[in-house]
Amino acid sequence: MSHLSTHVLDTATGRPASGVTVTLEGRGGVLARGSTDADGRITDLGPDRLDPATYRLRFDTGQYAAETGTDGFFPEVVVAFVVRDTDHLHVPLLLSPFGYSTYRGS
């Protein structure tokens, strides 16, 4: 199991957002890239262990909006977060055409 997972929910439709490209970035650049599955999840994004540091998840929401015919305001969402320990991290994204929210999940 990777140290990090994510989940994208399209709150405008109340459904998972499948096919969203997500990139994990660290100090050295791109560490991993994946796309959300039919349930809107990526369960194995990145390595088994991330060193303590600040990382970013870059969600290609513009691609998702174009593929779903949505006129979205945010072409991408970047979520910066800090890894402090070896606990599994889950970073969900709740997405709508004109807003988004995120939190540390479980």
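The values are calculated or read from the model by the stated rules, or taken from the named source; none is laboratory data. None of these values were measured; they are calculated from a predicted model. Glycine also receives a Cβ, built like all others from the backbone with ideal geometry; neighbour counts cover every protein chain displayed.
Worth pointing out:
- Output for segment 1-26, where each listed residue is out of contact with any Pro (no Cβ under 7 Å at 6 or more places or on another chain), under 17 Å from Leu89 (Cβ atoms) and not aliphatic (A, V, I, L, M): Ser5, Thr23, Glu25, Gly26
- Flag if Asp51 is out of contact with any Phe, Trp or Tyr (no Cβ under 8 Å at 6 or more places or on another chain), within 21 Å of Gly29 (Cβ to Cβ), of a type in the set (Asp, Glu) and at pLDDT below 95: yes
- Number of the condition not met by Ser18 [criteria: (1) at positive phi; (2) surrounded by 15 or more Cβ atoms within 10 Å (Cβ to Cβ); (3) at pLDDT 95 or above]: (1)
- Selection status of Leu93, of a type in the set (A, V, I, L, M), touching a His at 6+ places or on another chain (Cβ under 8 Å) and modelled with pLDDT of 95 or more: yes
- Where a residue in segment 11-23 is over 16 Å from Val77 (Cα atoms) and its partner, wherever it lies, is small (Gly, Ala, Ser) and outside any loop (DSSP other than H, G, I, E, B), with Cβ under 8 Å and at least six apart: Ala12/Ser96
- Of all residues in segment 1-32, those being in a strand (DSSP E or B) and farther than 23 Å from Asp87 by Cβ number 6.
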